[in-house]
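Take a look at the structure set out below.
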Amino acid sequence: MVTVPRPSEQDLAHYQKNVARMNMGAQIVNLSSESETPPPPASDLGNEYTPVWLGEDEARGADLPAGESLRLIALKDFHTVSKFILQNYGARGKVTVYGSETLQALNSRGWTELGSHNLGNTSDVSINFPSMNVHYVAMKFELERGGEIGGLGVFGEDTLDQASALFAENPEEIRALLAAGAKPIPFDFASLFTGSTITAISSGNPADSLLMIDDDTTTGFRFDPEENNVLMLDLRYDYMVDLLSVVLKAGPGTLELYAANSLPVDAAGLSAEDVGYNLPEDYFDTLEPIVTNKFDEPVERIQINLESLERRFYVLKWIPEDPNDPPLEIFEISVIGQVPEELSEVAFVSRSQFLSQTPTQQEPPDLEAPPVDNPDSFSD
């Protein structure tokens, strides 16, 4: 295993926050034609595309039929943006993206075409354009064949420290509020914003490992060709989570998932929090995976139900069926739990404030054995 140095604030300054997020107030609005004046976003709160396209699970998708479809991303505030992304699962055709500061018909002069992309050659779609201040982003889909679209993102000048996100106080308070009946909101704790890190990898360039948790499904990490590919993710705290999803590119193989609240010291006597920590070589001999999921065909996305699991460390091990297959690539990992809706109403804070409110050290109980009931796995 190769230890990944913890990123400095200077390192993190190179990453941007995805502002097209439901928990940041963004919404999807459906349009029937280019001449239709879009309705106010507040009138379309129940849009079925919003929780899928702007939610925390990058592996989810929503079907779009063949023909022309018009959708609008209404951001909560103005943002200077320069990149639009999505994941395409099976659709064939073209998507054209527009930006505007005001809400108006798509065929009016207030919209600026930001770029277009042919759908069908690759699953990850990225459109880069000169920086523009927008409040609304429109998408025009012209599809010869329908398919699933997901993983939408809009990036620009909002850095991790400038961006707003749901405020998560001490996890014990989160649990108390949820237990008292607060309405839960999905939240991805495996994110650079929350201070999560990739702490170890079996191969590849350590400098690229954070691309697996940067909210951008068009950037990723490539392992070296080898029999087994392993990574270790540290959430900083044992948040209660329900779902782990992965956007990847792999041939047939087997995924093993391990989870723990503490890790053994290494051969040098270092703990997981120490710089230079190396996962002991016999780690996988002493702990059974909580999930083993075999894939007989090439796979692009995986979703694993964790059923309110409370663990800090997650270790993913991919065993290719054929070591001669192209190297494993992972574009995004999400570990999703719940935070109370009340928190979204009282505090939207910067990343530095978020980290100051959540603990980085803890004394969790040792995990001697995995949970008795292995959670089920599923892939849509």
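Quick notes on this one:
- Long pairs among Lys17/Lys294; Lys17/Lys83; Lys94/Lys294, criterion Cα-Cα beyond 22 Å: Lys17/Lys294; Lys94/Lys294
- Relative to its Kirkwood radius, the Cα radius of gyration of the stretch 55-141 gives an Rg/Rh of 0.95.
- Cα pair distances of the chain binned at 20 Å [whole percent]: 28, 58, 14, 0
- Base-10 log of normalised Debye intensity for the stretch 1-115 (one unit scatterer per alpha-carbon) at q = 0.17, 0.21 Å⁻¹: -0.96, -1.40
- Simple point charges give the picture: +1 on the Cβ of Lys and Arg, -1 on the Cβ of Asp and Glu, and for the chain a dipole about the Cα centre of about 1380 debye.
- Taking the chain and dividing mean pair separation by its residue count, relative contact order in percent (alpha carbons under 8 Å, at least six apart): 21
- Dipole magnitude of the stretch 41-139 about its Cα centre (Cβ charges: Lys, Arg +1; Asp, Glu -1), debye to nearest 20: 300
- Cβ-Cβ FRET estimate between Ala42 and Asn133, R0 fixed at 22 Å, reported to 0.05: 0.50
- Every Cα-Cα pair of the stretch 188-292 was included, and the share exceeding 25 Å stands at 20 percent.
- Check: the stretch 130-287 dipole with +1 on Lys, Arg Cβ and -1 on Asp, Glu Cβ, in debye: 600
- Cα centroid separation, the stretch 142-157 to the stretch 1-51 (Å): 12
- Percent of C-alpha pairs per 5 Å bin, the stretch 104-143, short to long: 5, 17, 28, 24, 16, 9, 2
Each reported figure results from applying straightforward, stated rules to the coordinates on display, with no laboratory input. Values in this document were obtained by computation on a predicted structure and should not be read as measured data. Ideal geometry is used to build each Cβ from the backbone, glycine not excepted, and the neighbour counts take in all protein chains shown.
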